[in-house]
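Below is one structure, written out as structure tokens; the observations come after it.
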Amino acid sequence: MDLAYRLEGVRHCYGNKTVLCIDEQAIELNRIVGIVGHNGSGKSTLLRLLALLEHPTRGKVHYFAESKEPMFEIALLPQEPYLLRRSVFSNVSYGLEIRGCGKNEIRQRVYDALSWVGLDPEGFACRRWYALSGGEAQRVALAARLVLRPRVLLLDEPTTSVDAESGRKIREAILKARNEWGTTVIVSSHDRQWLFDVCDTIIHLFRGRVVGSGVENIVFGPWRKLEGDLWIKIFPDGQKFLCPGVPGCNAVGLIDPSDMHMFPEATGSKYKRRACCIHGTVSGLSMVRSTGDIIATVYAGGEPFSAKVSGCVEQFTPGRRVILLAYPDKIRWMS
Amino acid sequence: MNYILEGLRQAVMLLVKWDPETYAAIRATLTVTSYSMCASLLLGIPAGFALGYFDFRGKRVLRTMVDTCLAFPTVLIGLLVYAFLSRRGPLGSLNLLFSLSAIAIGQTILALPIIMSLTATAVESLDRRLRLTLLSLGARGHKLLFTTLWEARHALLIAAITAYGRVLTEVGISMMVGGNIKWHTRTITTAIALETGKGNFGLGIALGIVLMLIALIVNLSVMSLRKKS
């Protein structure tokens with residue numbers, strides 16, 4: 001197994017606040033790795049460390065470089081990409097000029113890169129930076145990274161604020177980079193379905209820690225103790241989530257999608273009064289590329305949950321009302 | 001009113017007939033301002049970039065000092081340069097006093113804080129994402145410097161125009177360290193001051209017209225550059 005990165009005892013702080021805390025994590029070469037997590041979970045910080053633009057406060061980020069200039073092997077697309085105040089062509093060719101490529105090669109590669117992200121090279125090459133829509137600007141920024149044919153491509157929320165078509169083009173470009181040049185792609189996103197669709201593996205970050213290698217569901221506090229060992233959390237829409245064995249008021253529970261059982265609301269009435277049960281609406285289905293599992297994204301209590309679909313998929317098509325049920329002994333707790 | 005109109009008529013005649021005294025003053029002005037602008041841009045842009053881009057101890061104090069120097073009176077600069085270049089001064093052996101070089105040194109001191117301060121402001125006001133973008137594309141060292149300055153090019157042009165305007169129109173430095181020597185160190189502004197004192201309005205107005213024309217040409221050139229970029 002060839003590795004692109006190995007992280008050892010990484011702690012990264014801004015002031016007194018530790019924003020990243022990863023004891024051990026390896027990232028294989030030629031893989032598409034997704035990073036998922038809530039706002040402030042450390043996704044962007046991790047990508048900047050992997051891009052070697054920042055050094056961890058403690059610990060080490062080992063990058064197994066192929067050449068003597070690792071900075072030329074890694075390309076990072078920041079969350080809010082900035083286009084230089086020049087034409088689209090100059091924006092995309094900038095990195096190649098730094099690397100000393102010839103004029104003819106630059107022209108060919110820039111035109112290829114624009115095509116990969118679904119932009120017509122003839123129509124877009126001469127456009128100025130201010131004459132682009134948000135989605136077009138995002139794709140130009142991605143083309144500026146793809147044109148470098150990097151060994152590692154780091155993408156921070158590339159699908160934020162772009163339409164479905166741009167999201168599809170970005171997905172195609174990522175797959176092309178991996179398949180044609182063996183690029184290792186590490187991509188963070190809030191869009192769980194999009195990540196399932198693109199990635200081979202997923203790293204789940206929560207408050208700067210790796211909490212799983214999939215898209216675990218997170219149930220935050222505050223919890224209120226009822227009688228005995230029973231605790232209750234009230235979701236924003238008023239739904240009550242009863243759960244035994246909660247370790248504290250601010251405990252955070254992690255539930256694997258395969259441990260989150262799903263029933264159509266019409267047939268699941270017998271579960272209505274049970275613990276660890278919540279009602280929601282299916283918003284989408286996606287297939288995990290690495291395992292072939294079908295995962296449903298369900299909005300319940302105002303938050304997204306992932307549940308593995310077992311049985312008849314037709315019962316869980318988008319828009320269907322469902323009941324989600326977790327077994328208390330399958331919930332992992334973080335205090 | 002008549003003597004002003006007569007002055008204007010004389011001015012046109014002097015310019016049209018290529019009056020050697022008038023054109024000597026124009027040549028001296030263009031030469032000395034070119035030297036001083038080159039020197040102040042070469043020193044001021046990198047210094048202003050460092051002041052705006054990097055965080056270091058004493059940055060605020062330095063910034064305050066540079067900004068204070070924006071109000072440097074030209075006669076005070078003239079006095080300082082005179083003190084250094086006069087025979088008794090530390091640089092007296094260079095024999096630069098009452099030469100175009102002396103005026104250029106003084107004007108460089110005048111323009112430097114303007115270029116530094118406006119460059120620093122231009123760099124500070126650039127989008128914060130620019131640095132991360134350039135680093136993520138592999139830019140380091142001088143590439144990072146030049147691309148950052150190129151992104152701030154419009155603001156840098158404004159800085160250069162502002163400094164040129166100040167250098168072109170100053171009298172104190174040229175008079176004190178240039179000596180206003182006819183055919184040699186007499187610039188447009190010192191010539192206007194002298195000729196007006198002598199009641200020679202024609203030459204004064206002619207030089208005034210030229211001064212405004214130079215300012216207009218410089219501004220038009222910069223506007224055209226802005227459009228192209």
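The values are calculated or read from the model by the stated rules, or taken from the named source; none is laboratory data. Because the structure is predicted, anything quoted here is derived from the model rather than measured. Reconstructed Cβ throughout: ideal geometry from the backbone, glycine too, with neighbour counts over all protein chains shown. Note: areas computed on protein heavy atoms with side chains; ligands, DNA, RNA excluded. Shrake-Rupley method; radii C 1.70, N 1.55, O 1.52, S 1.80 Å.
Over all pairs of distinct alpha carbons, what does the Kirkwood formula give as the hydrodynamic radius of the range A:152-227, in Å?
Kirkwood hydrodynamic radius for the range A:152-227: 14.3 Å.
What spacing in nm lies between the two simple spin-label points modelled at B:L94 and A:Q79, each 7 Å away from Cα in the Cβ direction?
5.3
Choose one of B:S125, B:P113, B:V12: the residue whose Cα lies farthest towards the positive end of the charge dipole of the range B:2-228 (beta-carbon charges +1 Lys, Arg; -1 Asp, Glu; about the Cα centre).
Checked the options; the winner is B:S125.
In the range B:18-86, what chymotrypsin sites (Phe, Trp or Tyr not before Pro) fall in a loop by DSSP, with at most 15 other Cβ atoms inside 10 Å?
Counting only loop positions with at most 15 other Cβ atoms within 10 Å, the chymotrypsin sites (Phe, Trp or Tyr not before Pro) in the range B:18-86 are B:W18, B:F54, B:F56.
How many Cβ atoms of partner chains, on average, are near each residue of A:89-96 if near means within 10 Å of its Cβ?
2
For the range B:49-141, what size does the Cα cloud have along each of its three principal axes, sorted from largest down, in whole Å?
55, 25, 22
Mind checking the range A:204-246 for chymotrypsin sites (Phe, Trp or Tyr not before Pro) that DSSP puts in a loop (not H, G, I, E or B) and that have at most 15 other Cβ atoms within 10 Å?
Answer in residue order: A:F220.
What are the trypsin sites (Lys or Arg not before Pro) within the range B:122-208 that DSSP puts in a loop, where the Cβ has at most 16 other Cβ atoms within 10 Å?
Those that pass, being in a loop and sparsely packed, are B:R128, B:R140, B:K182, B:K198.
Alpha carbon centre of the range B:63-128 versus the range B:162-188: separation in Å?
Their Cα centres are 14 Å away from one another.
Given C-alpha coordinates of the range B:91-164, what is the ratio Rg to Rh with the Kirkwood estimate of Rh?
1.19
Any idea how far apart B:M65 and A:E54 come out in nm if each label point goes 7 Å out from Cα toward Cβ?
3.3
In degrees from 0 to 90, rounded to the nearest 10, what is the angle of the helix A:103-116 Cα long axis to the longest principal axis of chain A?
The two axes meet at around 30 degrees.
Calculate the dipole size of the protein assembly as shown relative to its Cα centre from +1 charges on Lys and Arg beta carbons and -1 charges on Asp and Glu beta carbons; express the result in debye to the nearest 20.
With Lys and Arg at +1 and Asp and Glu at -1, about 900 debye.
May I have the extent of the alpha carbons of chain A along their three principal axes, as whole Å values ordered from largest to smallest?
For chain A, the Cα extents along the three principal axes come out at 74, 45, 38 Å.
Tell me, rounded to the nearest percent, the portion of alpha carbon pairs in the range B:1-42 spaced more than 16 Å apart.
Within the range B:1-42, distances greater than 16 Å cover 55 percent of Cα pairs.
Any idea which of A:V140, A:I232, A:Q315 is furthest toward the positive side of the dipole for the protein assembly as shown, if Lys and Arg beta-carbons carry +1 and Asp and Glu beta-carbons -1?
Among A:V140, A:I232, A:Q315, the one farthest towards the positive end of the dipole of the protein assembly as shown is A:V140.
How big is the dipole moment of chain A about its Cα centre under a simple scheme where the beta carbon of each Lys and Arg is +1, that of each Asp and Glu is -1, and everything else is neutral? Debye, nearest 20, please.
540
Obtain the nm distance between the two label points defined at A:W333 and B:R129 by a simple spin-label model: each point lies 7 Å from its Cα along the Cα-to-C-beta direction.
4.3
What's the extension gain from A:S213 to A:Q25 if we count 0.36 nm per residue and subtract their Cα-Cα distance?
Additional length available on full extension: 66.6 nm.
So what are the radius of gyration and Dmax for the Cα set of the range A:40-87, in Å?
13.1, 41
Once R0 is set to 22 Å, what does the formula 1/(1 + (r/R0)^6) return for the Cβ-Cβ distance between A:E122 and A:E97, expressed as a FRET efficiency to the nearest 0.05?
0.55
Under a 10 Å cutoff between Cα atoms, tell me which one of B:G58, B:G44, B:G172 has the largest fluctuation in the Gaussian network model of chain B.
B:G58
Can you send over the carbon and sulfur percentage of the accessible area for the range A:1-120, probe radius 1.4 Å, protein chains only?
C and S fraction of accessible area: 44 percent.
How big, in percent, is the set of alpha carbon pairs in chain B lying more than 23 Å apart?
Cα-Cα pairs in chain B separated by more than 23 Å: 56 percent.
Can you tell me which aspartates and glutamates have their Cα less than 20 Å from the Cα of A:K60? Leave out same-chain residues fewer than eight positions away.
In chain and number order, the partners are A:D2, A:E8, A:D23, A:E24, A:E28, A:E69, A:E73.
How big is the protein assembly as shown along each principal axis, measuring the range of its Cα positions in Å and listing the largest first?
110, 54, 53
With charges only on Cβ, +1 for K and R and -1 for D and E, what is the dipole size of the range B:2-228 about its Cα centre, in debye, rounded to 20?
Dipole about the Cα centre, nearest 20: 620 debye.
In Å², what does the accessible area per residue of the range B:2-228 work out to with a 1.4 Å probe?
Using a 1.4 Å probe on heavy atoms only, each residue of the range B:2-228 averages 52 Å².
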